[in-house]
């Protein structure tokens, strides 16, 4: 049977490794039988393309439809199988008939050297047939003597002649544009819509980009593709760093060939850990530190070794992915070491850490902090509920203040059954300060109407701002209004909070450029925390920020690119604003590094793989953590709140 090779591709020409492949009888939904691998082993549909997207199989002669499905991509290719060797038996039977006819002619008529000799030899015989042999002996021509006139009866090839013709036969179909014929009219080559063929050489168009040389059985000998070039067992490809490395078949670096006589001198990943110099938790509750959440380029976690080591206790934990630990096992102080896994092993970044672990449960009466959650939609989605759940489980008795009801639904942001706070969907820092005027002030006397309004109506109004006066700090006044928490408390009859959680940032990334994000966050943090402190001198402020899913794509989808261009400057601004204010009542919870960025985000419906049941899909929401990831985020934040409530900060 004929062996064919195809490449599974998406609509951009990229290979689809592991795509599901089905072979149907042409024009039907009937799966073809007799489909086999190159080694003759039966293939059952569906079968998978290999890691390079190569689809290779053989089938009996006939017309088929090849279906390729991967994710949202599902298409069909019409294919024809026509193995010359499968028809050889039929042709050889004809050869045998021709040989028999030739032999009969020879026996009955004999072979003469010329037509004239044949006419003379049969002039006075009852049997009027004679034969002439071609000069190469491959053909026998039979004549009839009709009253002295030679009448051609037929020409009969030998078995050798037919075999020679078979060698000139190549697979063709209706796509042939031009056939190349020899002097006898036999085809020895063809040009079709996919390429051309000659004896011993075939050039054909393939669906994937690049050039591929393969043997007669379809196995690749040499391939030149945009992402990789291979020759036999040797292959080379580009990498996202300058230099040249030798790697084994599993992708591990065997040798650095960039500078054979010296250690690696190429630029290394930035191994600086972007987090605060404090870790907070509760006794007996493990935390997970994710390495990609620490780095400027999240992909650099593959090239970075992180080690969390207690200063005194015999605890040292290392990973390039995640480190799981309980704060109490580290003691009061630890160090976080990060270094590139290649190059100069003596170069590393070191971050001194203060480690706090709140009692679980507390000794004596349960601490009962009043909490104001100052956040966006990520806080609105079950934030107060989960903080309350964890803190209560550990023996604390929190309460929550605010004017805006949170959601206790997993994904419905407009649910208002939750605890109060100020976690408002789509709000950025500039909307709270009124630098962005899309959230209107509440007129004096309209407080009751605001509180009675629907949640969407409440979200359009800003309860924190009032008309500015000459006594206000000029740099804090925005469009004639000032952010004033003391006025907010008085207007709505609220108790003063003990703990304020500032979790803004995600929507500032939406609104700011890479050039403006740092200054925006820095200036807003100075404003918010100064005004909070003026209103509530004894309150503790926890600054945190949600992370985002690992994702690529265009614009806002590309969270991996935005991590470098926006999130890292935002984190730097948070840390620097806290340093600038030098307020011991302000602490930073590095929440972005303590929950997974791989799981727990909403997915598209995708395509189900029929055999394994796995779903090929993409993220539909890369901002709002759900399920276990949401709970990881609030568990870490609740641990920081517990440390504040226990008087450790």
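Candidates 190, 126, 161, 120: the one that is within 30 Å of residue 81 (Cβ to Cβ), outside any strand (DSSP E or B), at pLDDT 60 or above and not assigned by TED's automatic domain parsing to the domain that holds residue 61 is 161. Scanning the range 494-539 for residues that are farther than 23 Å from residue 472 by Cβ and without any contact (Cβ under 8 Å) to a residue 60 or more places away in the chain turns up 512, 513, 514, 515, 516, 517, 518. The number of residues in the range 578-591 being part of a helix (DSSP H, G or I) and under 17 Å from residue 539 (Cβ atoms) comes to 2. Condition check for residue 507 on (1) surrounded by 23 or more Cβ atoms within 10 Å (Cβ to Cβ); (2) within 18 Å of residue 437 (Cβ to Cβ): one failure, at (1).
Residue-by-condition table, conditions (1) crowded, with 22+ Cβ neighbours inside 10 Å; (2) in contact (Cβ under 8 Å) with a residue 24 or more places away in the chain:
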site: 550; (1), (2): no, yes
site: 557; (1), (2): no, yes
site: 561; (1), (2): no, no
site: 564; (1), (2): no, yes
site: 571; (1), (2): yes, yes
site: 581; (1), (2): no, yes
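So, residue 78, is that one under 17 Å from residue 609 (Cβ atoms) and at pLDDT below 90 or not? Criteria not met by residue 78.
Here residue 489 does not fit the description of being over 42 Å from the mean Cα position of the chain (by Cα), in contact (Cβ under 8 Å) with a residue 24 or more places away in the chain and loosely packed, with under 14 Cβ neighbours inside 10 Å. Remark: residue 533 falls outside the filter, which requires a residue to be crowded, with 16+ Cβ neighbours inside 10 Å, farther than 17 Å from residue 435 by Cβ and either modelled with pLDDT under 95 or outside the structural domain of residue 618 (by TED's automatic domain parsing) (or both). Residue-level analysis places residue 451 outside the set of residues that are in contact (Cβ under 8 Å) with a residue 12 or more places away in the chain, surrounded by 16 or more Cβ atoms within 10 Å (Cβ to Cβ) and more than 22 Å from residue 624 (Cβ to Cβ). When residue 384 is tested against (1) touching a residue at least 40 places away in the same chain (Cβ under 8 Å); (2) closer than 19 Å to residue 543 by Cα, just one condition goes unmet, and that condition is (1). Residue 570 passes every criterion in (1) at pLDDT 95 or above; (2) within 29 Å of the chain's Cα centre (by Cα); (3) in a loop (DSSP other than H, G, I, E, B) apart from (3).
For the condition part of a loop (DSSP other than H, G, I, E, B) and either in contact with a strand residue (DSSP E or B) (Cβ under 9 Å, 6 or more places away or on another chain) or farther than 30 Å from residue 75 by Cα (or both), what is the one hit in 647, 613, 639? Only one candidate passes the filter, namely 647.
The values are calculated or read from the model by the stated rules, or taken from the named source; none is laboratory data. Quantities reported herein were computed from a predicted structural model and do not represent experimental measurements. So basically every Cβ, Gly included, is an ideal-geometry build from the backbone, and we count neighbours across all protein chains shown.
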